[in-house]
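The structure under discussion appears below in the form of C-alpha cells.
Readers should treat all values here as calculations from the given coordinates under stated rules, not as data from a laboratory. Because the structure is predicted, anything quoted here is derived from the model rather than measured. As a convention, Cβ positions derive from the backbone with ideal geometry for all residues, glycine included, and neighbour counts pool all protein chains shown.
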Amino acid sequence: MATQTALITGASSGIGRELATCFAQDKFNLVLVALEPDLLNQAASELRQQFGVEVTTIAKDLFKRDAPFEVYNEIKQKGLQIDVLVNDAGQGQYGTFDTTDINRELDIIQLNIGAYVVFAKLYLQEFKARNEGKILFVGSIAGELPGPLQAVYHGTKAFVNSFVESIQEENKDSNVTITNLLPGITKTDFFNKAHMTQAKNVAEGQGMEPAEVAKEGYKALMNGESRIIAGVMNNVQVGFSKVMPDPLVAAQVHQQSAPVDGDESAR
C-alpha cells in the first residue's frame, strides 16, 4: 500500500503538533501548515529525524481569506495527494465583548470557521471522487457551552460542531469518515495568544496535556468515530450542561474563567 499523506493546519505547536507525531508514528507523510516558519521548520525537522517520514511545510497566514485556497493550490502544484485532512488551527480572544478588538475577532472567525469550511469543501470533494479519505475537525467543548469572556471563540466552535454533524449526515453512505474532536482546556500556547493567562481556570493550571488530547482524537479518527470529547471531566461538564438551564451554565462558565485580578476587560 502506498504511503498516505496527512495535511494538518496549526501544526507547529499544541494539539496540531502532537497530532503530527501520531500520524508520523504510523508512517504517514505530512504536509504541515502554520503561520510561524521557524516553529514549522523545527517541527518538520524533528519529525523527519525521529520517524523518517517526508514532511512538507507551508507557512501561511490563515487569517487571510484567500490563504486556504493558496495552500490547496500549492499542494496540487507539488503533486501531492492528501488522504487525511486535519482542521486544527484556531485562536480566541479573552475579555468582555464590548472591550475586545473587532478586527481581531473577524480574523478569528475567518481562521476558526472560514479556513475550516474551505479546506473541508475542497478535500471532501476530492475524497468523495475517490470514495476514500478521512477528515478530523478539532472542535471544542466550547461549542457546547456559552462562553462569557470568550463569546466569539465559543460561537465559532458552536458553528464547527453543528457544521460537522450536518456534513456527517450528508456523507454517511460514503467511505469518507468525518470525526470531530472536542477538547476542553488544554495546556497549549492558545491562552497566551488569547491574552487569557489570568483566567482562573488557566492560572490554576487546569487542563489536559496536548499529547493526551491528540492521542484520543487520532484513535477516534482511525476508528471512524463521529465524535470524541477528550477527557473524563470534559465529558462530565458537557453532560451536566445538557440538563442545566442555559443561564446557569453561562454563569458557571463565567465564574470558572473569571480573571484572578478582577478586570474583565480585553488585554
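Under the criterion of Cα pairs below 8 Å and six or more residues apart, the relative contact order for the stretch 5-256 equals 19 percent. Computed over the chain with a Gaussian network model linking Cα atoms closer than 10 Å, the most mobile of Q110, Q91, Q252 is Q252. Between L106 and H254, the modelled labels are 2.9 nm apart [label points 7 Å from Cα along Cα→Cβ]. Other residues within the sphere of radius under 13 Å centred on the Cβ of G16, judged by their own Cβ, net out at -3 (K and R +1, D and E -1). Counting only other residues whose beta carbon sits under 13 Å from that of F159, what net charge do I get with K and R as +1, D and E as -1? Once all neighbours under 13 Å are counted, the net charge is -1. Spin-label model, H195/D246: points 7 Å from Cα along the beta carbon direction are separated by 2.9 nm. With R₀ fixed at 25 Å, the C-beta to C-beta distance from K121 to Q50 puts the FRET efficiency at about 0.15.
Here the Debye sum runs over all C-alpha atoms of the chain as equal scatterers in vacuum, and log10 of I(q)/I(0) at q = 0.10, 0.13, 0.14 Å⁻¹ comes out as -0.48, -0.82, -0.96. Charging the Cβ of each Asp and Glu at -1 and of each Lys and Arg at +1, and nothing else, the dipole of the chain about its Cα centre rounds to 500 debye.
Which FRET efficiency value, to the nearest 0.05, do you get for N41 and E204 by plugging their Cβ-Cβ distance into 1/(1 + (r/R0)^6) with R0 = 45 Å?
After rounding to 0.05, the efficiency reads 0.85.
A viscosity of 0.692 mPa s and a temperature of 37 °C, combined with the Kirkwood radius over C-alpha pairs in the Stokes-Einstein formula, give the stretch 84-243 a diffusion coefficient of 202 µm²/s. Quick check: net charge around G231, other residues with Cβ under 11 Å of its Cβ, Lys/Arg +1 and Asp/Glu -1? Result for the local shell: -3.
Calculated [222 nm] ellipticity per residue, helices only, for the chain: -14500 deg cm²/dmol; basis is -39500 (n - 2.57) per DSSP H run with n ≥ 4, divided by all residues, nearest 500.
Dividing the Cα radius of gyration of the stretch 160-244 by its Kirkwood radius returns 1.03 for Rg/Rh. Taking a straight Cα-Cα cut-off under 12 Å and skipping sequence neighbours fewer than 8 places away in the same chain, the aspartates and glutamates within cross-link reach of K172 are E225. Note on the chain: GNM, Cα springs under 10 Å; of A20, A203, A129, the largest mean-square fluctuation is that of A129. The Rg/Rh ratio for the stretch 111-158 is 1.13, where Rg is the radius of gyration of the alpha carbons and Rh is the Kirkwood radius.
More than 19 Å apart: what percent of Cα pairs in the stretch 116-189 qualify? Everything past 19 Å amounts to 39 percent.
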